[in-house]
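Here the structure is laid out as structure tokens; the discussion comes afterwards.
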Amino acid sequence: MFINDVGGTVEEIDDGSAGANHGWPIVDHGPTTHPDFRGPIQHNPTACIAGGAFAPTDLNWPREYRGLYFFGDFNHGWIRTIDPAKPALAQSFATGLRRLADLRFVASGIVYVLVHDAWVIDKLFKGDTGACFGYGMLADSG
């Protein structure tokens, strides 16, 4: 299980292992060398991580996407992937999205992406700005 930890100057993805202590509030966000705390497996300065889902291992997409963790950024409008075996290295999947709020894979092999121009209903909230769309791929022959 991966945990998207939002807030602070660095957004991070943590390994949700039993008993793990990620250091808050002593370590706000980002990498740490403190021996009592577990640092993030992925961190992104000035980002706003929103949404995250593992691609099914039997997904009808090219093999290189199966089993990857997909996560998006609300502020910068991208989706990246990480391999759970090598989580420090993120790869770009999509860019140019407006205010990504969440993403989810469905059994048909589509990843649905929700975008909305606000996190919460406050003075900056803009109604009727949301949209949901899907990405799908066909598997390669290999």
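The values are calculated or read from the model by the stated rules, or taken from the named source; none is laboratory data. This one's a predicted model, so the numbers in the text were calculated from it and none came from an experiment. Quick reminder, even Gly has a Cβ in these numbers, built from the backbone with ideal geometry, and neighbours come from all protein chains shown.
Only one of D128, D122 is surrounded by fewer than 11 Cβ atoms within 10 Å (Cβ to Cβ), more than 18 Å from the chain's Cα centre (by Cα), modelled with pLDDT under 70 and not polar (S, T, N, Q). Can you tell me which?
Matching residue, one of D128, D122: D122.
The selection criterion, being more than 15 Å from the chain's Cα centre (by Cα), in contact (Cβ under 8 Å) with a residue 12 or more places away in the chain, more than 24 Å from G134 (Cβ to Cβ) and surrounded by 14 or more Cβ atoms within 10 Å (Cβ to Cβ), does not hold for G109.
Filtering the range 93-118 to residues that are modelled with pLDDT of 85 or more, of a type in the set (V, I, T) and in a strand (DSSP E or B) leaves I110, V111, V113.
Contact map, the range 19-48: first residue farther than 22 Å from W78 by Cα, second residue of a type in the set (A, V, I, L, M) and part of a loop (DSSP other than H, G, I, E, B), Cβ cut-off under 7 Å, separation 6 or more or different chains; pairs are H34/V27; F37/V27; R38/A20. Of all residues in the range 81-90, one or more are surrounded by 13 or more Cβ atoms within 10 Å (Cβ to Cβ) and free of Cβ contacts under 8 Å to residues at least 40 places away in the same chain.
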